[in-house]
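K.L.:
Structure incoming, see below.
No lab work stands behind these numbers, since they all come straight from the coordinates. Keep in mind the model is a prediction, meaning the values are calculated, not measured. Glycine also receives a Cβ, built like all others from the backbone with ideal geometry; neighbour counts cover every protein chain displayed.
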Amino acid sequence: MEKSEVLKQVNEIFIDVLEKEDLVINEQTVAKDIEEWDSLAHIRLVVAIEKTFKLHFSSREIQSWENVGEMIDCIYEKVK
Amino acid sequence: MKDFSQLAKNLKKDFTGLTPIKVAVLGDTSTQFLVQALRGLGFEHNIDLQIWEADFDQVERQIFDLDSELYKYKPEIVILFQSSHKLLGKYNKLQNNQHSLLNSIELDLIENIYSTIKKNLPAKVIYYNYTEIDDAVFGNFANKTESSFLFQLRKLNYELMNFAVQNSDFYLCDISTLQNQTGKIVFFQPALYINSEMVLSLDVLPQIASRTIDLINALTGRFKKCVILDLDNTIWGGIIGDDGIENIELGSLGIGKAFTEFQYWIKKLKNRGIIITVCSKNTESVAKEPFEKHPDMVLHLDDIAVFIANWENKVDNIRQIQSILNIGFDSMVFLDDNPFERNMVRENIPEICVPELPEDPADYLEYLYALNLFETASFSNEDTERTKLYQIEAQRNITQQKYTNEDDYLNSLNMISLVEPFNKFNTPRVAQLSQRSNQFNLTTVRYSEADINLLATSENYYTFAFTLEDKFGDNGLICVIILKKESDQALFIESWFMSCRILKRSMENFVLNTITNFAREKGFKYLKGEYIPTAKNDMVRNHYKDLGFESSGSLWILNTDKYENKKCFINKK
């Protein structure tokens, strides 16, 4: 799977979980940019991504991402 | 069952018109998602759970500080979730020689929490029991070592059950059973716990919410009362009309064990007070034959309150069962192996609960266990007798057909009623009747056993519990009146509820004669009544009017001086 495809699917998950139909994210997006992306929503995003890509994040990984790009990298490493 | 994100989406829907229930949730770990799941699932059950959530880990502060937001909120139900992980944390911090005291330290705290809530709120308490964590320090030997964590946790769960037996407003929500059903690997996700103090996975939250709402529904009078059974391939294997009595699968024949065990389960439900009925497409005599003659049948004809076997469609037959039993469709469960019949019933009677029985009869029981259909908030001796009561009712129907004159019929029943104030013997049944009565219930106030105890000793209340017996048998306690002293002049009928089993027996007149004479003797000039409409009590809309009360705003008034006893066919015991 290409990175762009990962980003596209992650975008879909953000739309579904945050209930924001026209949301577009990119690698530079951070939690501050999206009002609905609070710590609770973050947990739901993590769980939804794990389910969709059938993978598991370690507790350290969940804490480490500074932006969407790092999140995508982490997923990409596991699915490529 | 809907998943968490579907439940979360319900939160934005319109809750107007749903039954509001005020709930407080307090936990020692993060409870935000639990609250969302509860409210979201409540929507599916047509209830508007108005939830106040304590800040994280504020259980003791909120409860022991009587000025806290908890008491200002005045919830009807307080949900407490203290997790096994926090319990393990407490255990880890104890000195070695204190480990075997963990359960009693915790139990003291919980008792203190409960009694403080009870003193300051008229609320029921739902407490989540402890899911098992084995810290594997002792291996199997933990079971032989009182100071092991596993020993302490299990003992605490056991002691909580004892505590619940003794404290009528303390209810346990058994999430430990739920973890046994789903597995700890689904229940608990370590990475989430480490990052966010969440001990419940998103996957399991809908099930926990479901268990909790089952309990809330039972506490507020919504629960299942009756099972309607199909016969062929539901309670035995094969088709009785084709295969014959020797060839149906029961006991050791074929997969008979699955059906035998299923029947034992039904029998236990019957003994718990669930009404068992049969609705089968069969010739009646053929359908009854196994009940009478098959040595491996667990269920017998006297376990069945209403037995309908014919070739009519099941929807009509179920409507007939409903009219005989006089209970709501929403309190009935229909079990049938045939998807066609299930769909037909579901489409025509949407209120009825129709479980999607698995194809393989071996799976019936595990599937039904997981649905947790038969929640209850009380259990009394009368429950075990219920089937007999309904069978007697069927007999009365036959007798009634012999009399053309209603009065002659009622006279022939030789009815007597015992009238008593609330006491320790009738308290469980009074509380139960208040929870079960939906139709003949003027104000639909639900009382717990603790509430009933308070009323019994209060100087501001007069209480009456009525039984009814006739030549066919004893109906037990079937009517309750609670009178509140409003002034020197007037008594307010705070509650009047009655079992629908004894409608049209002149019981209303007997009750009114009793309380009016009582009021007059005590020097009260007026009885005041009120009708509060609900979705189910339309039957008593004109109750006070029909009994001769005069309308006064939203209330109904009866002058006790002018009252003449009404005709009734019941004598005081």
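K.L.:
I need the full set of residues from the stretch B:154-189 which are in contact with a Ser or Thr (Cβ under 9 Å, 6 or more places away or on another chain), part of a loop (DSSP other than H, G, I, E, B) and not acidic (Asp, Glu), in order please.
P.N.:
Listed by number, the residues that qualify are B:ASN167, B:SER168, B:PHE188, B:GLN189.
K.L.:
Separate question: Looking only at the stretch B:86-95, decide whether some residue is in a helix (DSSP H, G or I), closer than 30 Å to B:ALA218 by Cα and among the hydroxyl-bearing types (Ser, Thr, Tyr).
P.N.:
Checking the stretch B:86-95: not a single residue is in a helix (DSSP H, G or I), closer than 30 Å to B:ALA218 by Cα and among the hydroxyl-bearing types (Ser, Thr, Tyr).
K.L.:
Also: Just to check your reading of the model, which residue among B:ASP169, B:ASP174 is closer than 15 Å to B:TYR114 by Cα and of a type in the set (D, E, K, R)?
P.N.:
Sole residue among the options that is closer than 15 Å to B:TYR114 by Cα and of a type in the set (D, E, K, R): B:ASP169.
K.L.:
All but one of (1) crowded, with 21+ Cβ neighbours inside 10 Å; (2) within 14 Å of chain A (Cβ to nearest Cβ); (3) not acidic (Asp, Glu) hold for B:TRP236, so report the exception by its number.
P.N.:
For B:TRP236, the failing item is (2).
K.L.:
Another one. Of all residues in the stretch B:117-153, which are buried (at least 16 other Cβ atoms within 10 Å of the Cβ), more than 14 Å from B:LEU172 (Cβ to Cβ) and of a type in the set (Lys, Arg)?
P.N.:
Within the stretch B:117-153, B:LYS118 is the sole residue that qualifies.
K.L.:
Oh, and also: Tell me which residues, restricted to the stretch A:62-77, are surrounded by fewer than 18 Cβ atoms within 10 Å (Cβ to Cβ) and assigned to a helix (DSSP H, G or I).
P.N.:
Those that are surrounded by fewer than 18 Cβ atoms within 10 Å (Cβ to Cβ) and assigned to a helix (DSSP H, G or I): A:GLN63, A:SER64, A:GLY69, A:GLU70, A:ASP73, A:TYR76, A:GLU77.
K.L.:
Quick one: B:TYR114 ticks every box in (1) in contact (Cβ under 8 Å) with a residue 40 or more places away in the chain; (2) buried (at least 16 other Cβ atoms within 10 Å of the Cβ); (3) over 29 Å from B:ASP65 (Cβ atoms) bar one, so which box is it?
P.N.:
Single failed check for B:TYR114: (3).
K.L.:
Counting residues that are hydrophobic (A, V, I, L, M, F, W, C), which strands (runs of 3 or more DSSP E) fully inside the stretch B:450-564 reach at least 3?
P.N.:
B:461-470, B:473-485, B:490-498, B:555-559
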